[in-house]
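One structure is given here, and the rest of the page talks about it.
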Amino acid sequence: MEPLDRCARPLRTALARSSLRRWLPWGLLGLMLGGSLLKALALLPDSYMSSKRNLLNIYFVKLAWAWTFWLLLPFIAITNYCLSRNVLEMLRRISTLLVGTMVWYVCTSLFLHIEDFTGSCYKSPALDVLFQEHLSKWQCRQGGGFWHGFDISGHSFLLTYCALMIVEEMAVLHVLNTERSPRLHAVVNALFVALSFLTLIWVWMFFCTALYFHDFSQKLFGTLVGLSAWYGTYRFWYLKSFSPGLPPQNASLSSKKPNCSR
């Protein structure tokens, strides 16, 4: 457990801070703008990360919501049950993942409809010959054509939303004490370390998307949708009584940090 603790301590210092939750949205917006500027100036050569076949893209980003969902599920369940000792309260907090799933599904479906509605079918990426008989992206690709529409960056949206959601849920560590229960302490630390590295991957791949893919407007819209989804939930709806609520982060729950060994 000691190596895990040594890994968790600096990560907790860096990623579970309230200042990070305040500044990460602005940091992501800055990374998008900076990466897009470098792409527009063509200052960077092609690299391994500029290929859609890179391993991080195939095995992580393509499954970004699945990774986020299945790591946050036990983390939220364990930490919130430890603090509340109430199954209904734990289930209420877990429902944030159902909200996130709906956000992911609705937004990605909307992006596909927008691309379909705004696009046309061409013979090649050169956009030289128009195939007027193909009226949808699916028909176009089935006919061997190239569909060109307003392709809002799903990566920019989802990586923004996932990174911000994970960081918000880490706030529970400020009021949680598992040190008297070694097994539970190890489980929470393992989940926290895994979520921390996942967040770093999301931020890195978000920056790579800004550097190598999509037009500026497509990345800007994707990022703004991700930021809006985070703000609309964690900064507005979750403050209401009829919502999944925010993760516990008020030390007044106890004179000391609540201990899960009891």
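The values are calculated or read from the model by the stated rules, or taken from the named source; none is laboratory data. All figures in this text were calculated on a predicted structure; none of them were measured in a lab. Backbone-built Cβ (ideal geometry, glycine too); neighbour counts: all protein chains shown. Each accessible area value is taken on the protein alone, full model and side chains, heavy atoms only, with ligands, DNA and RNA left out. Shrake-Rupley method; radii C 1.70, N 1.55, O 1.52, S 1.80 Å.
Computed values, structure above
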quantity: Residue in segment 77-85 that is more than 15 Å from the chain's Cα centre (by Cα), open to solvent by less than 70 Å² (accessible area, probe 1.4 Å), hydroxyl-bearing (S, T, Y) and over 28 Å from F192 (Cβ atoms) present; calculated: no
quantity: Any pair with Cβ under 8 angstrom, 6 or more apart, that starts in segment 88-110 at a residue that is farther than 15 Å from L73 by Cα and ends at one that is open to solvent by 30 Å² or more (accessible area, probe 1.4 Å) and in a helix (DSSP H, G or I); calculated: C107/V225
quantity: Test for F216: is it open to solvent by 40 Å² or more (accessible area, probe 1.4 Å), more than 20 Å from Y105 (Cβ to Cβ) and at pLDDT 95 or above; calculated: yes
quantity: Whichever residue in segment 107-149 is touching a strand residue (DSSP E or B) at 6+ places or on another chain (Cβ under 6 Å) and assigned to a helix (DSSP H, G or I) and, among such residues, is nearest to L159 (Cα to Cα); calculated: K137
quantity: Hey, L200 open to solvent by 70 Å² or more (accessible area, probe 1.4 Å) and closer than 27 Å to F111 by Cα or not; calculated: yes
quantity: Residue satisfying condition, being at pLDDT below 95, among the β-branched types (V, I, T) and under 21 Å from S19 (Cα atoms), within set V172, V187, V203; calculated: V172
quantity: Filter result for V103 (in contact with a Ser or Thr (Cβ under 8 Å, 6 or more places away or on another chain), closer than 30 Å to V203 by Cβ, modelled with pLDDT of 95 or more and buried (at least 20 other Cβ atoms within 10 Å of the Cβ)); calculated: yes
quantity: Residue among V188, V193, V175 that is open to solvent by 10 Å² or more (accessible area, probe 1.4 Å), more than 17 Å from V99 (Cβ to Cβ) and either touching a Pro at 6+ places or on another chain (Cβ under 6 Å) or β-branched (V, I, T) (or both); calculated: V193
quantity: Options L164, L200, L158; residue that is within 23 Å of I78 (Cβ to Cβ), assigned to a helix (DSSP H, G or I), aliphatic (A, V, I, L, M) and touching a residue at least 60 places away in the same chain (Cβ under 8 Å); calculated: L164
quantity: Criterion (at pLDDT 90 or above and in contact with a His (Cβ under 8 Å, 6 or more places away or on another chain)) met by exactly one of T160, T209; calculated: T209
quantity: Scan of segment 15-45 for residues that are in a loop (DSSP other than H, G, I, E, B) and in contact (Cβ under 8 Å) with a residue 24 or more places away in the chain, ordered by number; calculated: A16, L44
quantity: Breaking point among (1) surrounded by 16 or more Cβ atoms within 10 Å (Cβ to Cβ); (2) under 30 Å from P247 (Cα atoms), for E115; calculated: (2)
quantity: Per-region count, segment 218-231, residues over 15 Å from the mean Cα position of the chain (by Cα) and without any contact (Cβ under 8 Å) to a residue 60 or more places away in the chain; calculated: 0
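This table checks each residue for (1) among the hydroxyl-bearing types (S, T, Y); (2) surrounded by 15 or more Cβ atoms within 10 Å (Cβ to Cβ); (3) within 15 Å of the chain's Cα centre (by Cα).
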| site | (1), (2), (3) |
| --- | --- |
| T13 | yes, no, no |
| R22 | no, no, no |
| G30 | no, no, no |
| S51 | yes, no, no |
| N54 | no, yes, no |
| W65 | no, yes, yes |
| F69 | no, yes, yes |
